[in-house]
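Before any comments, here is the structure.
The values are calculated or read from the model by the stated rules, or taken from the named source; none is laboratory data. Remember, predicted model here, so these are calculated numbers, not experimental data. Protein only, heavy atoms only, side chains kept; ligands, DNA and RNA dropped before computing areas. Shrake-Rupley method; radii C 1.70, N 1.55, O 1.52, S 1.80 Å.
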Amino acid sequence: MNYIIMDLEWNQSNTGEEPESKMLPFEIIEIGAVKLNSHLEEIDEFSELIKPQVYHEMHHVTKKLIHLQMEQLERGRLFPEVMEDFRKWWGEDFIFCTWGPLDLAELQRNIRYYQLEPIADRPFKFLDVQKLFSIACEDRKSRRSLEYAIDFLKIEKDIPFHRAFSDAYYTAKVLALLDKNVLDKYSFDVFHIPGDKEKEVHILFGTMPQESYEKYISRGFHDKIEAMNDKGVLNTKCYLCHKNLRKKIRWFSPNGKHYYSVSYCDIHGYMKAKIRIRKAENGQVYVVKTKKFISEEEAETIHGKKEQRNAKDQNHRG
C-alpha cells in the first residue's frame, strides 16, 4: 500500500456575493502531493496549479499567505483535467494522509461542484498526520501547526512553507519520523455518510479492554429526534464479548450536544458510550458513537454530571 500525502491551496470570495459562493466557498487553485511506499520512502511527486473558474480575484489573505498571482493561475489547467491526472497518479492501493481533515472535505466539495466521479460513496479511512503527531509526541489532544511539528522533530526547512507541494512534502517528512505504531490510528472522512444501514461503519481499535475502543458512524437521519430513537444508535453491547449490557447510567446530555451512558460488563467492567450528532453535507444528521471501557472512578464522575444535569432540569421546571 502507498501513502498519498496531499495538501491543497484554495481561493475564496472577497465579498461572498457570487452565486457560487454557497456551493463552492473554497475553490482549489493548487494540488501538491507526495507518494510514499509501504516503507514510508518517497517514490513520486505531484504538483500542479489550477486555472480558476469561479473566483477571478485573489482573496487578500490567500494572496498574502501563499504568494501566488492570478496571472500564474491563469496559465494552469482546469480542475477536471488536473483531477483526472491526480486520480491516475495516486493509483489503486493507497491511503490519503493530510495535515488535519479539511483538505479531503474541500477536494470532495470541488469534485461535487464539477459533477465528477466521487472518491467514494461512503466514509473512508485516512491518516490525519496532525492527530498522529499529537498521539506520538504530545498529549493526544493538542493540534499543532505543521511548522511546529517540523521544529519539534528537528526537520530541515529546505523549501518555503504555505504552498501545496511544500506542505505535502513536510507532512510526509513528519509521517516518516513518527512511531510506526500510530499508523493504525486512522480517521474516517465523512463527506459522504453511509447511505443505508448495511454501509454503516463499525470499527474496533485495539483488543485490550483498557486500551481499546469502538467507533460507529451511522446512516443519515432526518433530525436528532429520529436519530436518538434508533435502536442501533442507542445500542450499548459490549464490543469485546458482544453481550447485551445493563445500563448503570442511562443516556443523558450534560450540554445538549453530546450524549453519554455507562453500562457494566461482568467480564470487562464499566463501558462508557458517547454519542455526537453531526450535520451531513446532504442536510441530514448522522451519529458518531464511541464506546470505551473506563474505571469505576470515571463512571462515578459521569454519574455526577448526570446528577448536575438533573438538578438543572428541576430548577428550570421549578
**OP:** Tally up the carbon and sulfur contribution to the accessible surface of region 28-142 as a whole percent, 1.4 Å probe, everything protein left in place.
**Re:** 48
Subject >> Angle in degrees between helix 79-90 and the longest Cα principal axis of the chain, rounded to the nearest 10 >> reply: 70
Subject >> Space enclosed by the convex hull of the alpha-carbon atoms of region 1-106, per residue, Å³ >> reply: 109
Original post:
Using a 1.4 Å probe, what is the accessible area per residue for region 122-246, in Å²?
Top reply: 54
Original post:
Among Arg250, Arg109, Arg122, which one moves the most in a GNM of the chain with springs linking Cα atoms closer than 10 Å?
Top reply: Arg250
Subject >> Distance violations [Cα-Cα > 22 Å] among Lys22/Lys64; Lys243/Lys274; Lys231/Lys274 >> reply: Lys22/Lys64
Subject >> Residues of type aspartates and glutamates that Lys292 reaches as a straight line, Cα spacing below 17 Å, ignoring anything fewer than 8 places off in the same chain >> reply: Glu211, Glu214, Asp266, Glu300
Subject >> Kirkwood Rh in Å, taken over all unlike Cα pairs in the chain >> reply: 22.0
**OP:** Would you list, by chain and number, the lysines whose Cα falls below 16 Å from the Cα of Lys154, excluding same-chain residues fewer than 8 positions away?
**Re:** Lys173
Original post:
Considering the chain as a Gaussian network with a 10 Å cut-off on Cα pairs, which listed residue, Leu107, Leu36, Leu183, attains the greatest mean-square fluctuation?
Top reply: Leu183
**OP:** Using Cα positions and a limit of under 13 Å, work out the aspartates and glutamates in reach of Lys51, with same-chain residues fewer than 8 apart set aside.
**Re:** Glu9, Glu27, Glu30, Glu71, Glu74, Glu81
Subject >> Residue pairs, from the table Lys185/Lys305; Lys248/Lys272; Lys185/Lys247; Lys125/Lys185; Lys131/Lys247, whose Cα atoms sit over 21 Å apart >> reply: Lys185/Lys305; Lys185/Lys247; Lys131/Lys247
**OP:** Using Cα centres only, tell me the gap between region 154-184 and region 274-318 in whole Å.
**Re:** 37
